[in-house]
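The values are calculated or read from the model by the stated rules, or taken from the named source; none is laboratory data. Quantities reported herein were computed from a predicted structural model and do not represent experimental measurements. No Cβ is skipped: glycine too gets one built from the backbone with ideal geometry, and neighbour counts run over all protein chains shown.
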Amino acid sequence: MTDIVVSTDWLADHLDEVRVVDVRDGWEFDGIGHIPGAVNVPFDTIRAAEHAVERGADPAEGMLPGVETWEEVLGGAGIEPDDTLVAYDDTHGVFAARFLVTALAYGHADVHLLNGDFSAWSRDHEVERGTPEVEPTEYVARESETSPFVDFETVEAALTADDVAVIDTREPDEWAAGHLPGAIQLDWRELVDDDSRGLKPDAELESILADHGVTPGARVLLYCNTARRISHTYVALRHLGYEDLMFYEGSLAEWEARGAPLESA
């Protein structure tokens with residue numbers, strides 16, 4: 001399995017071969033129901049404390065929770081480092097995408113996003129309720145070979161490169177108030193189909209990106225002020241075959257503090 005995104009039908013046929021991860025809150029997982037065999041890793045357990053970057057954390061680390069927290073949470077959910085993980089939420093995949101990118105940053109390379117969410121799954125497939133018993137593991141993170149995170153200096157160099165498309169996944173008014181030089185504004189929701197609750201068909205995605213000046217084969221630099229939005233766009237681009245993706249989580253306040261310029265609309 002090579003695609004970073006998998007369909008609900010594919011997952012239904014492979015439930016015994018993967019570890020399904022539900023990143024919703026525990027009350028949703030237990031009471032509303034979950035995909036059979038799923039384990040619960042609530043999103044708030046794998047995010048850093050609010051405003052970590054502004055407090056002086058490494059911008060390349062962004063809002064990652066830290067290795068010790070990641071190992072504790074995944075071990076508590078019974079996940080092994082070699083498991084094939086398929087993550088989902090009930091919000092078009094935006095929170096699950098953040099789980100996926102976090103996993104990549106900590107060396108768990110075999111991670112996939114369910115195309116759709118719990119509501120999409122429950123239309124055609126069985127759900128479970130209650131809290132399953134989980135056998136904890138000694139999860140150990142690995143050095144990542146696929147982490148997309150980059151630092152300030154890498155971004156600074158990328159902004160002067162002719163072959164880099166800079167994508168700002170914030171809201172249009174945020175982009176207009178100030179953005180990295182040459183950045184293109186792209187709302188992650190433009191890539192989502194409201195009916196299927198997953199990504200739009202590939203041809204539509206490619207057309208949307210082309211309209212924003214992003215074409216296949218381009219190097220792409222992504223940034224935002226919300227980790228889950230940039231993560232979702234990252235997954236969509238990986239799904240389409242984009243390979244050279246840079247992921248910057250430093251804040252624009254930190255950018256300006258270093259004396260770097262911003263543009264405004």
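Quick notes on this structure:
- Residue satisfying condition, being in a loop (DSSP other than H, G, I, E, B) and crowded, with 18+ Cβ neighbours inside 10 Å, within set Gly107, Gly116, Gly130: Gly116
- Looking only at the stretch 28-51, and only at residues there that are exposed (fewer than 15 other Cβ atoms within 10 Å of the Cβ) and modelled with pLDDT under 95, the one that is farthest from Ala120 (Cα to Cα): His51
- Test: residue in the stretch 123-137 that is among the aliphatic types (A, V, I, L, M) and in contact with an Asp or Glu (Cβ under 9 Å, 6 or more places away or on another chain): no
- At least 1 residues being β-branched (Val, Ile, Thr) and out of contact with any strand residue (DSSP E or B) (no Cβ under 9 Å at 6 or more places or on another chain) is the threshold, and among the helices (runs of 4 or more DSSP H) wholly inside the stretch 169-265 those reaching it are 202-211.
- Selection status of Gly93, modelled with pLDDT under 95 and outside the structural domain of His232 (by TED's automatic domain parsing): no
- Residue within the stretch 151-165 that is in a loop (DSSP other than H, G, I, E, B), out of contact with any His (no Cβ under 6 Å at 6 or more places or on another chain) and buried (at least 20 other Cβ atoms within 10 Å of the Cβ) present: no
- Qualifying residue in the stretch 77-96 (condition: aromatic (Phe, Trp, Tyr), buried (at least 24 other Cβ atoms within 10 Å of the Cβ), under 15 Å from Thr45 (Cβ atoms) and out of contact with any Pro (no Cβ under 8 Å at 6 or more places or on another chain)): yes
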